[in-house]
Amino acid sequence: MFMDWFSGLNPAVQALSGGMLTWGLTALGASVVFFFRTINKTVMNMMLGFAAGVMIAASFWSLLAPAIDFSEQNGQIPWLAPAIGFLLGGLFIRLMDFVVPHLHLGTKEDQAEGPQTQLKKSTLLFLAITLHNIPEGLAIGVAFGAAAIGLNDASLIGAIGLAIGIGIQNMPEGAALSVPLRGEGMSRLKAFNYGQLSAIVEPIAAVIGAAAVIMVQPILPYALAFAAGAMIFVVIEELIPQSQSARSTDLATLGAMLGFTVMMILDVALG
């Protein structure tokens, strides 16, 4: 009943709904700040590892594989468009690193990246999380767009599965932002707002991604791979180093493997 109703919606509205789901789950993760002032470092690293695993799996199963399939269906060199899009996605995040001031979790204020600024540490942390939520929103949007186009390896259920998987990994990210801010003396409500608002870009990016691939279908393999490349850049540059920053590296690695497995199951079972 729900799927019949949902499948009748405009793909951009479907993508918006997927983005709203991930935003809501981010808020759910950020809400732990109302109960805890700190999170055990080992637990935090396992959570970040889990998020990394989900993003790695989503990048291949939900994005790169359909991009390769679409290229092959259309008589193109199967690897060319996905390779170009993948590299462009990484370069996009690298460019954003240059132009957007931000501070990664667990680093000191003098290690902030991007142009020099007088912004507070809390704002810089918020910008860092927001920055890497953009490709997640794009990934959701292009997945719904691919399903609307009728790509063989893409389905509406698969797009929903991708949104659920990204939403699940957003929960520890919401906590990873809100709880440290609370630990620095910020009020619980303000820390929560920073945490949940970091994902506000995801519904917006999802709509943009869906609309782009529907209006200009030939860019679909590039768009899918672009989102994958952007997410992999974030994983390698930020999530994995953060999760490996303490002595609990084995547990963080197991967390990444668990996240990968969960996302793989979601994609294969629902796709």
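What the table below lists for this structure:
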{"quantity": "With every protein chain in place, the chain: carbon and sulfur % of accessible area (1.4 Å)", "calculated": "69"}
{"quantity": "All Cα pairs of the chain, percent lying beyond 30 Å", "calculated": "25"}
{"quantity": "Mean Kyte hydropathy of 1.6 or more with a Cα span along the axis of at least 15 Å, helices from DSSP in the chain", "calculated": "80-99, 201-215, 220-234, 249-270"}
{"quantity": "Ellipsoid semi-axes in whole angstrom, largest first, where each is sqrt(5λ) of the Cα gyration tensor of region 81-223", "calculated": "31, 18, 10"}
{"quantity": "Extension gain from Gln73 to Ser7, taking 0.36 nm per residue of separation minus the Cα-Cα distance", "calculated": "21.4 nm"}
{"quantity": "Cubic angstrom per residue, convex hull over Cα atoms of region 1-121", "calculated": "188"}
{"quantity": "Region 202-271 versus region 1-23: alpha-carbon centroid distance in Å", "calculated": "20"}
{"quantity": "Relative contact order, percent, region 16-122 [alpha-carbon distance under 8 Å, six or more residues apart]", "calculated": "11"}
{"quantity": "Relative contact order of the chain, defined on C-alpha pairs under 8 angstrom at six or more residues apart (%)", "calculated": "43"}
{"quantity": "Rounded if a/c under 1.5, otherwise prolate or oblate - region 15-74, Cα gyration tensor axes", "calculated": "oblate"}
{"quantity": "Accessible area in square angstrom per residue, region 1-142, 1.4 angstrom probe", "calculated": "49"}
{"quantity": "Inter-label distance, nm, simple model (7 Å from Cα along the C-beta direction), Leu251/Arg37", "calculated": "2.2"}
{"quantity": "Overall Cα dimensions of region 189-271, principal axis frame, Å, largest first", "calculated": "49, 37, 25"}
{"quantity": "Per-residue [θ]222 nm for the chain (sum of -39500 (n - 2.57) over DSSP H runs n ≥ 4, rounded to 500)", "calculated": "-24000 deg cm²/dmol"}
{"quantity": "Pairwise label distance in nanometres, Leu258 with Leu91, each label 7 Å out on the Cα-Cβ vector", "calculated": "3.9"}
{"quantity": "Lys190 versus Ala211: modelled label distance in nm, points set 7 Å from Cα along the beta carbon direction", "calculated": "3.5"}
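The values are calculated or read from the model by the stated rules, or taken from the named source; none is laboratory data. Predicted model, so just to flag it, every value in this text is computed and none were measured. Glycine also receives a Cβ, built like all others from the backbone with ideal geometry; neighbour counts cover every protein chain displayed. Each accessible area value is taken on the protein alone, full model and side chains, heavy atoms only, with ligands, DNA and RNA left out. Shrake-Rupley method; radii C 1.70, N 1.55, O 1.52, S 1.80 Å.
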